[in-house]
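A.B. asks: Got a structure for you, written out below as structure tokens; questions coming shortly.
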Amino acid sequence: MKEIINRNNLARAVMVISFYFAVMLLMNTGIIDSYIFLNIVSIGINIILAVSLNLITGFTGQFSLGHAAFMSIGAYASGILTAKLGMPFIVGILGAALTAALAGLLIGIPTLRLKGDYLAIATLGFGEIVRIIGLNWKYGGGAMGLNDIPRFTTWTWLFGIIVLTLVVISNFITSYNGRAVISIREDEIASTSMGVNTSYYKVLVFSLGALFAGVAGSLYANYFYFIKPDSFGFMKSIDILVIVVMGGLGSIRGSVISAIALSLVSLSLQGIPELRMVIYAVILFVMMVYKPQRLMGKLKIMVRKEA
């Protein structure tokens with residue numbers, strides 16, 4: 001208990017609460033209008049997606065290209081529960097989290113033996129399967145998408161889930177389970193010889209990462225009113241992966257900073273979307289050549305030493 005309630009944690013808690021009320025005050029006074037808040041929602045969702053993917057790819061070393069599929073599953077689950085069944089938002093969030101976690105479990109079990117490019121291809125195929133099912137699922141709107149989803153996503157919900165995501169994943173990484181998954185990334189054979197149940201931890205990480213991606217999908221669906229399968233395609237997974245790589249594999253703080261930076265870049269390029277991926281590629285090239293440890297490379301090294 002003393003380790004939790006210390007000066008540093010109390011200072012962080014005060015800063016987090018102060019930031020929440022500061023943004024709330026700016027919204028109530030009209031300084032943050034609907035357009036600015038839309039951008040804040042996009043940034044917040046990208047933070048949740050990037051941190052959850054970093055758990056899978058950065059800390060465990062499982063190269064996944066299907067993270068947008070988990071977001072899609074969560075978005076449709078929440079959209080159907082709130083729009084078609086009239087459930088409250090908390091039920092939509094829980095339904096999105098459980099459905100996406102189950103999908104992570106289902107994709108995690110058959111891909112246990114896959115690594116690197118093979119795992120990436122398998123998760124990419126999973127993402128395409130989810131997208132095609134969505135295009136042909138009449139109850140979910142099919143190719144036309146799901147409309148009239150109630151707008152339940154507020155600053156309180158967004159901020160609370162961002163904080164929850166960061167706290168849960170940070171504590172997971174610093175726990176025994178976190179050290180186990182980091183050991184899998186560093187040397188899976190050595191981890192197995194030391195008694196680490198690599199199969200269990202791979203499935204656990206996929207499920208936990210998918211759970212938070214599903215929650216991000218719930219926030220997305222219940223803010224933008226409308227969702228369609230093509231919104232969660234291959235390019236969305238690439239967007240999330242670019243954020244993770246730029247921030248640094250194995251760096252939660254780097255994922256947060258990178259999500260904010262690249263979200264702002266993407267928003268500024270809305271008028272010329274065809275140049276967005278070109279600029280992403282240039283940014284990644286420059287980072288890899290001149291700063292190979294990415295934005296928070298030092299933090300990544302510290303995590304490895306603690307493991």
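A.B. asks: I need the full set of residues from the stretch 103-112 which are under 21 Å from Asn197 (Cβ atoms) and not in a loop (DSSP other than H, G, I, E, B), in order please.
C.D. replies: Across the stretch 103-112, the qualifying residues are Gly104, Leu105, Leu106, Ile107, Gly108.
A.B. asks: State all residues of the stretch 112-135 that are buried (at least 21 other Cβ atoms within 10 Å of the Cβ) and either of a type in the set (S, T, N, Q) or in contact with a Leu (Cβ under 6 Å, 6 or more places away or on another chain) (or both); if no residue qualifies, say none.
C.D. replies: Thr123
A.B. asks: Output yes when any residue across the stretch 196-219 is free of Cβ contacts under 8 Å to residues at least 40 places away in the same chain, among the small types (Gly, Ala, Ser) and farther than 27 Å from Lys84 by Cα, and no when none is.
C.D. replies: For the stretch 196-219, residues free of Cβ contacts under 8 Å to residues at least 40 places away in the same chain, among the small types (Gly, Ala, Ser) and farther than 27 Å from Lys84 by Cα: absent.
A.B. asks: Here is a follow-up. Can you name the number of the only condition in (1) surrounded by fewer than 19 Cβ atoms within 10 Å (Cβ to Cβ); (2) free of Cβ contacts under 8 Å to residues at least 60 places away in the same chain that Phe159 fails?
C.D. replies: Unmet condition: (2).
A.B. asks: With Ile56, Ile40 as the choices, which residue is β-branched (Val, Ile, Thr), surrounded by 24 or more Cβ atoms within 10 Å (Cβ to Cβ) and either touching an Asp or Glu at 6+ places or on another chain (Cβ under 6 Å) or in contact (Cβ under 8 Å) with a residue 60 or more places away in the chain (or both)?
C.D. replies: After applying the criteria, what remains is Ile56.
A.B. asks: Would it be correct to say that Ala180 is in contact with a Phe, Trp or Tyr (Cβ under 6 Å, 6 or more places away or on another chain) and aliphatic (A, V, I, L, M)?
C.D. replies: When the stated conditions are applied, Ala180 passes them.
A.B. asks: Only one of these conditions is not met by Gln293: (1) surrounded by 15 or more Cβ atoms within 10 Å (Cβ to Cβ); (2) assigned to a loop (DSSP other than H, G, I, E, B); (3) at pLDDT 60 or above. Which number is it?
C.D. replies: Going through the list (1) surrounded by 15 or more Cβ atoms within 10 Å (Cβ to Cβ); (2) assigned to a loop (DSSP other than H, G, I, E, B); (3) at pLDDT 60 or above, Gln293 breaks only (3).
A.B. asks: May I pose another question? Has the stretch 236-253 got any residue that is touching a Leu at 6+ places or on another chain (Cβ under 7 Å), within 17 Å of Val163 (Cα to Cα) and not charged (D, E, K, R)?
C.D. replies: yes
A.B. asks: Run Ala96 past the list (1) in a helix (DSSP H, G or I); (2) more than 17 Å from the chain's Cα centre (by Cα); (3) aliphatic (A, V, I, L, M) and report the number of the one that doesn't hold.
C.D. replies: (2)
A.B. asks: A follow-up question, please. Would you check if there is a residue in the stretch 104-111 being modelled with pLDDT under 85 and surrounded by 15 or more Cβ atoms within 10 Å (Cβ to Cβ)?
C.D. replies: yes
A.B. asks: What are the residues in the stretch 235-265 that are surrounded by 21 or more Cβ atoms within 10 Å (Cβ to Cβ), more than 11 Å from the chain's Cα centre (by Cα), more than 24 Å from Asn171 (Cβ to Cβ) and among the small types (Gly, Ala, Ser), if any?
C.D. replies: Within the stretch 235-265, just Ser263 meets the criteria.
A.B. asks: Residues in the stretch 113-165 that are in a helix (DSSP H, G or I) and of a type in the set (S, T, N, Q): how many?
C.D. replies: Total meeting the criteria: 4.
The values are calculated or read from the model by the stated rules, or taken from the named source; none is laboratory data. Fair warning: this is a prediction, and the values are worked out from it, not measured in the lab. FYI the Cβ positions are ideal-geometry reconstructions off the backbone, even for glycines, and counts take in every protein chain you see.
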